[in-house]
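Comments concern the structure below.
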Amino acid sequence: MERIVLRQLDRNQGEMLLNMGPHHPSTHGVINFLLQADGEIIKQAIPEVGYLHRGMEKIAEQTAYHGYMPYTDRVDYLAAIFANHGYALAVERLAGIEVPPRAEYLRVIASELNRIASHLIAVGSMVMDLGAFTPFLLGIREREKLNDFFEELVGSRLTYNYVRIGGVAHDLTPGFAERVLGFLDRFIPFLEEYDRLISYNEIFVGRLANIGVIDAGEATAWGLSGPNIRSSGVSWDLRRDDPYSVYPDLEFDVVVGKGWRGVLGDCYDRYYARIDEMRQSVRILRQAFARIPEGDIVAPKVPRKLKPPAGASCYAAVESARGELGYWVASDGTDRPTRLKIRTGSFTAMEIIKTKSRGLMIADLVALISSLDVVAPEIDR
Amino acid sequence: MTLDEIAANVTGSLGEGAVTVKSDGEPCLVVEPAMALAVMRELRDRPGLEFGYLRCLSGQDLPPDRMAVVYHLSSISSRGKLTVRIEVSRERPAVPSVVGIWPTADWYEREAYDLLGIDFPGHPDLRRIMLPDDWEGHPLRKDWKDPPEIYGIPTTRKAALDAVRPPEGLPKVEPKKEAGAGAAAPDEKPPAAQEQE
Amino acid sequence: MSEAGEVGTGQGKTDSPVLGAPGASVWMASSRDLEGPAGPLDKLFNLGRKHSLWYLLFATACCGIELMQAGGPRTDLDRFGMVFRSTPRQADLMMFCGTITYKMARAARLLYDQMAEPRYVLSMGSCANCGGLFTPSYSVVKGIDLFVPVDVYVPGCPPRPEALLDGMMKIQELILNERWKILDRSLANGPNRSRRA
């Protein structure tokens, strides 16, 4: 099929066609951008994805329900608990399995710790793409402590495979709660130090404010989710609006963009919303540790060969660090799904770059991509 | 709003037969391809429905003769959820594109075209997205078979493994029989495990 | 796969208009097809080379995050002299971190081809070693040694930063034991054609 997507290059004006990627230090993963640029000014930037397309949806059709959990880790390795959780939610709703309350609280604890870890990388990469190296390493240093917690709880630093159909895999170790609460006590001052280091820096603000403005109508129409849509002023958070797990019992604020330094919906809003979300995650974690009940960590009598009713299907989504991570599972009565569709937040965030990149400088394109917090495996699966 | 109320709203303005309600499996509205655009526009624009947020668009292969496209919609103002399903024939699957209604459907439809081969007339730029442009076939279909070689790279490691012969002196290990291999198989260590050290 | 070769067969020092100084000659490593252990002078040169191993920042998937963490404060790669470069022209070592798909394989091979010799390849993680858990997939290359030559394989999913460091230290061992050979690159013996492997 002819590639008729590119505008006619206006060679008289010196327009050029460049490939930014798939191997590029500033794209978040292996993504290619076809840039039609007049020098630095972009006329059109078309994202080309698929360099990490691993066929996860096809593999799901060949793997049993329980056995697919490690694959969900790799859908978004920075927010692996959310991916696990979404899949478990979808299968549990499909098969009618009820999760015990202690397991729900453990899922929330792991999720919010993972949200902090993921946002640390997100804002760290953002500042590194704009040229500041120290905040990134500070974020990595804190993330190492979180990696230690996850290693203690789950056994792995990155791809956790923690959630099981019907519960979770491991219980809290003795002293875990005290250690995490101690970390959280030191984390809030760390965030303030981070703010003093970079968030109020004039160059940083100048590079992000009023760039890549996405208004509320566009954000909804283009299907953005998570911090991206909330920074544009739309108050939509799946933990409150499509509730699951024990989030209805926990108190937290939904962080909506305010135009902190520029127009509402610019890159700075998307950056600062993530910093504020980390503060809210700390709040949720403290409540979860205070309220976690005793009990089982996995539902009794979950069959080994899980066979949901034939013809049934179910869509379930969780509020991941990058947006809505949803799974649509369709069953045909066997112990393998007949169709699994994974819906990720980065997919729609990548789509919007084509319309938003007109008129930007190439350096601003880097700021836009990193503020949308895209990771390649979420887009390509 | 319940599913029946939504269906009543839509049939009220577009006439009977615009949608049917499917309550078993996953409750959803089933729409014919010919009425798809009108129904979708109604779902997005009608006050009271206002499903302006397309959460997910999936294709599904239903051999031997059907394919389906499933839409998951949400309303941000009323927090309602809705599932819409369109079924087409597997011979020449074609579902009208909803890019004009929800711009986010652009890449979702490209993905359904790429992996399943569903055509979306009305889409401005329907071409492959996940797989390379010169890929042949649609892998998510149930009748997909891997070719032996892609771009000169073999698709299995069999050749590489055959080239590495196992060291001499290891006794052969018989493969376990399939039937009765669950709880009834005797727990025996293969002899190679002890001799390899 | 032997990478280096010789240009010209003259022994001893001759005038080299390329370098300008009389009596100068250029040494070039020819490591993998020479028999015998490395002598002390070889090791002296290799000591300098192995403590300044610049790697290409090539990360595809999850292993890329562990690569980043390996460069972080706890497992510090910088103290070994290993800094990351974004362009293959400035890199000695290419680490394939993450799953490689057929679409990416062509681009990855281009990156490998651009590296100047002597160059080393480290395969990090199960996906790069053999396809890993994505072996049933239609779009994943079942191991990078199907299209590039590999020196060290680091197993893990993902390997811990310490495991990656261990793999890089094995590359350092390989470098330490390379042998050098005197070559004559003066133009008196005919034109020096640079090879592009």
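The values are calculated or read from the model by the stated rules, or taken from the named source; none is laboratory data. Since this is a predicted model, take the numbers as computed values, not measurements. Heads up, the Cβs are rebuilt from the backbone with ideal geometry, glycines too, and the neighbour counts pull from every protein chain shown.
Against the definition (touching a strand residue (DSSP E or B) at 6+ places or on another chain (Cβ under 6 Å) and either of a type in the set (Val, Ile, Thr) or buried (at least 21 other Cβ atoms within 10 Å of the Cβ) (or both)), how does A:Asn84 come out, yes or no?
Values: touching a strand residue (DSSP E or B) at 6+ places or on another chain (Cβ under 6 Å): yes; either of a type in the set (Val, Ile, Thr) or buried (at least 21 other Cβ atoms within 10 Å of the Cβ) (or both): yes.
It is true that A:Asn84 is touching a strand residue (DSSP E or B) at 6+ places or on another chain (Cβ under 6 Å) and either of a type in the set (Val, Ile, Thr) or buried (at least 21 other Cβ atoms within 10 Å of the Cβ) (or both).
Condition (residue is more than 24 Å from A:Leu120 (Cα to Cα), part of a loop (DSSP other than H, G, I, E, B), at pLDDT 90 or above and touching a strand residue (DSSP E or B) at 6+ places or on another chain (Cβ under 8 Å)) applied to the stretch A:172-192: is it met by at least one residue?
Within the stretch A:172-192 (the criterion being more than 24 Å from A:Leu120 (Cα to Cα), part of a loop (DSSP other than H, G, I, E, B), at pLDDT 90 or above and touching a strand residue (DSSP E or B) at 6+ places or on another chain (Cβ under 8 Å)), the answer is no, since none of the residues qualifies.
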Which numbered condition A:Thr63 fails, given (1) under 26 Å from A:Tyr271 (Cα atoms); (2) of a type in the set (S, T, N, Q); (3) outside any helix (DSSP H, G or I):
(1)
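Taking the residues in the stretch B:75-117 that are β-branched (Val, Ile, Thr) and within 11 Å of chain A (Cβ to nearest Cβ) as candidates, determine which candidate is nearest to the chain's Cα centre (by Cα).
Residues of the stretch B:75-117 β-branched (Val, Ile, Thr): B:76, B:83-84, B:86, B:88, B:95, B:98-99, B:101, B:104.
Those still in the list that are within 11 Å of chain A (Cβ to nearest Cβ) too: B:76, B:83, B:99, B:101, B:104.
Details: B:Ile76: 26, B:Thr83: 15, B:Val99: 19, B:Ile101: 22, B:Thr104: 17 Å.
Among residues in the stretch B:75-117 that are β-branched (Val, Ile, Thr) and within 11 Å of chain A (Cβ to nearest Cβ), the one nearest to the chain's Cα centre (by Cα) is B:Thr83.
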Selection from the stretch A:321-369 of residues surrounded by fewer than 20 Cβ atoms within 10 Å (Cβ to Cβ), within 10 Å of chain B (Cβ to nearest Cβ) and of a type in the set (Lys, Arg) yields A:Lys354
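Would you confirm whether or not the stretch A:46-61 contains a residue that is touching a helix residue (DSSP H, G or I) at 6+ places or on another chain (Cβ under 9 Å), at pLDDT below 95, closer than 26 Å to A:Arg291 by Cβ and acidic (Asp, Glu)?
So the first thing to find is which residues in the stretch A:46-61 are touching a helix residue (DSSP H, G or I) at 6+ places or on another chain (Cβ under 9 Å), and the list is A:46-47, A:49-60.
Remaining after also requiring at pLDDT below 95: A:46-47, A:49-60.
Within this subset, residues satisfying the condition of being closer than 26 Å to A:Arg291 by Cβ are none.
Taking every residue of the stretch A:46-61 in turn, none turns out to be touching a helix residue (DSSP H, G or I) at 6+ places or on another chain (Cβ under 9 Å), at pLDDT below 95, closer than 26 Å to A:Arg291 by Cβ and acidic (Asp, Glu).
So which of B:His123, B:His138 ends up being under 22 Å from C:Met104 (Cα atoms), touching a residue at least 24 places away in the same chain (Cβ under 8 Å) and more than 10 Å from chain A (Cβ to nearest Cβ)? Lay out the reasoning, then the answer.
Working: B:His123 fails: under 22 Å from C:Met104 (Cα atoms).
Answer to the selection: B:His138.
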Over the stretch A:253-281, the set of residues assigned to a helix (DSSP H, G or I) and among the charged types (D, E, K, R) is A:Asp269, A:Arg270, A:Arg274, A:Asp276, A:Glu277, A:Arg279
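Within the stretch C:80-130, work out how many residues are hydroxyl-bearing (Ser, Thr, Tyr) and within 12 Å of C:Trp54 (Cα to Cα). Spell out the reasoning first.
Step one: of the stretch C:80-130, the residues hydroxyl-bearing (Ser, Thr, Tyr) are C:86-87, C:99, C:101-102, C:112, C:120, C:123, C:126.
If we keep only those that are within 12 Å of C:Trp54 (Cα to Cα) too, we end up with C:86-87, C:120.
Matching residues across the stretch C:80-130 total 3.
If I go through the stretch B:67-94 residue by residue, how many of them are charged (D, E, K, R) and surrounded by 14 or more Cβ atoms within 10 Å (Cβ to Cβ)?
Of the residues in the stretch B:67-94, 4 are charged (D, E, K, R) and surrounded by 14 or more Cβ atoms within 10 Å (Cβ to Cβ).
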Looking only at the stretch C:69-83, how many residues end up being at the interface with chain A (Cβ under 9 Å from one of its Cβ atoms) and touching a strand residue (DSSP E or B) at 6+ places or on another chain (Cβ under 7 Å)?
1
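Tally time: how many residues in the stretch C:132-153 are touching a residue at least 24 places away in the same chain (Cβ under 8 Å) and within 10 Å of another protein chain (Cβ to nearest Cβ)?
Residues of the stretch C:132-153 touching a residue at least 24 places away in the same chain (Cβ under 8 Å): C:132-134, C:139-141, C:144, C:147-153.
Now drop any that are not within 10 Å of another protein chain (Cβ to nearest Cβ), which leaves C:132-134, C:139-141, C:144, C:147.
Number of matching residues: 8.
Of A:Val282, A:Val256, which residue is more than 14 Å from chain B (Cβ to nearest Cβ) and of a type in the set (A, V, I, L, M, F, W, C)? Talk me through it step by step, then tell me what you get.
Values: A:Val256 fails: more than 14 Å from chain B (Cβ to nearest Cβ).
Only one candidate passes the filter, namely A:Val282.
Collect the residues in the stretch C:154-182 that are more than 14 Å from chain A (Cβ to nearest Cβ) and part of a helix (DSSP H, G or I), keeping them in residue-number order. Walk me through how you get there before you give the answer.
In the first step, residues of the stretch C:154-182 are kept if they are more than 14 Å from chain A (Cβ to nearest Cβ); the result is C:154-155, C:165-182.
Once the filter is applied, which keeps residues that are more than 14 Å from chain A (Cβ to nearest Cβ) and part of a helix (DSSP H, G or I), the stretch C:154-182 yields C:Leu165, C:Asp166, C:Gly167, C:Met168, C:Met169, C:Lys170, C:Ile171, C:Gln172, C:Glu173, C:Leu174, C:Ile175, C:Leu176.
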Restricting attention to the stretch B:134-178, and to residues there that are in contact with a helix residue (DSSP H, G or I) (Cβ under 7 Å, 6 or more places away or on another chain) and either of a type in the set (D, E, K, R) or farther than 23 Å from C:Gly143 by Cβ (or both), which single residue is surrounded by the fewest Cβ atoms within 10 Å (Cβ to Cβ)?
B:Pro171
For the stretch A:95-126, what are the residues that are over 29 Å from A:Ala376 (Cβ atoms) and in a helix (DSSP H, G or I)?
A:Ala95, A:Pro101, A:Arg102, A:Ala103, A:Glu104, A:Tyr105, A:Leu106
Can you tell me which residue is nearest to the chain's Cα centre (by Cα) among those in the stretch C:101-110 that are at the interface with chain A (Cβ under 9 Å from one of its Cβ atoms) and surrounded by 20 or more Cβ atoms within 10 Å (Cβ to Cβ)?
C:Ala108
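Select from the stretch A:46-90 the residues that are among the β-branched types (Val, Ile, Thr) and either more than 8 Å from chain C (Cβ to nearest Cβ) or more than 23 Å from B:Arg110 (Cβ to Cβ) (or both) and list them in ascending order. If you could, list the steps in order and put the result at the bottom.
So in the stretch A:46-90, the residues among the β-branched types (Val, Ile, Thr) come out as A:46, A:49, A:59, A:63, A:72, A:75, A:81.
Passing the criteria: A:Ile46, A:Val49, A:Thr63, A:Thr72, A:Val75, A:Ile81.
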Those residues that are modelled with pLDDT of 85 or more and more than 10 Å from chain C (Cβ to nearest Cβ), I need them from the stretch A:19-36; list them, please.
A:Met20, A:Ile31, A:Phe33, A:Leu34, A:Leu35, A:Gln36
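Every residue in the stretch C:51-76 that is part of a loop (DSSP other than H, G, I, E, B) and modelled with pLDDT of 90 or more, please. Before you say what the answer is, go through the steps one by one.
Taking the stretch C:51-76 first, the residues part of a loop (DSSP other than H, G, I, E, B) are C:51-54, C:57-58, C:60-61, C:71-76.
Across the stretch C:51-76, the qualifying residues are C:His51, C:Ser52, C:Leu53, C:Trp54.
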The condition of being in contact with a Pro (Cβ under 6 Å, 6 or more places away or on another chain) and at pLDDT 90 or above holds, among C:Gly48, C:Gly81, C:Gly125, only for C:Gly125
I'd like to check something: does the stretch A:280-294 contain any residue that is among the aromatic types (Phe, Trp, Tyr), surrounded by fewer than 19 Cβ atoms within 10 Å (Cβ to Cβ) and over 27 Å from A:Ala367 (Cβ atoms)?
yes
Is the stretch A:196-219 home to any residue that is modelled with pLDDT of 90 or more, under 24 Å from A:Leu285 (Cβ atoms) and more than 23 Å from the chain's Cα centre (by Cα)?
yes
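Of all residues in the stretch A:311-336, count the ones that are touching a residue at least 40 places away in the same chain (Cβ under 8 Å) and among the β-branched types (Val, Ile, Thr). I'd like the intermediate steps shown before the answer.
Quick first cut of the stretch A:311-336, residues touching a residue at least 40 places away in the same chain (Cβ under 8 Å) only: A:312-329, A:331, A:335-336.
If we keep only those that are among the β-branched types (Val, Ile, Thr) as well, we get A:318, A:329.
Total meeting the criteria: 2.
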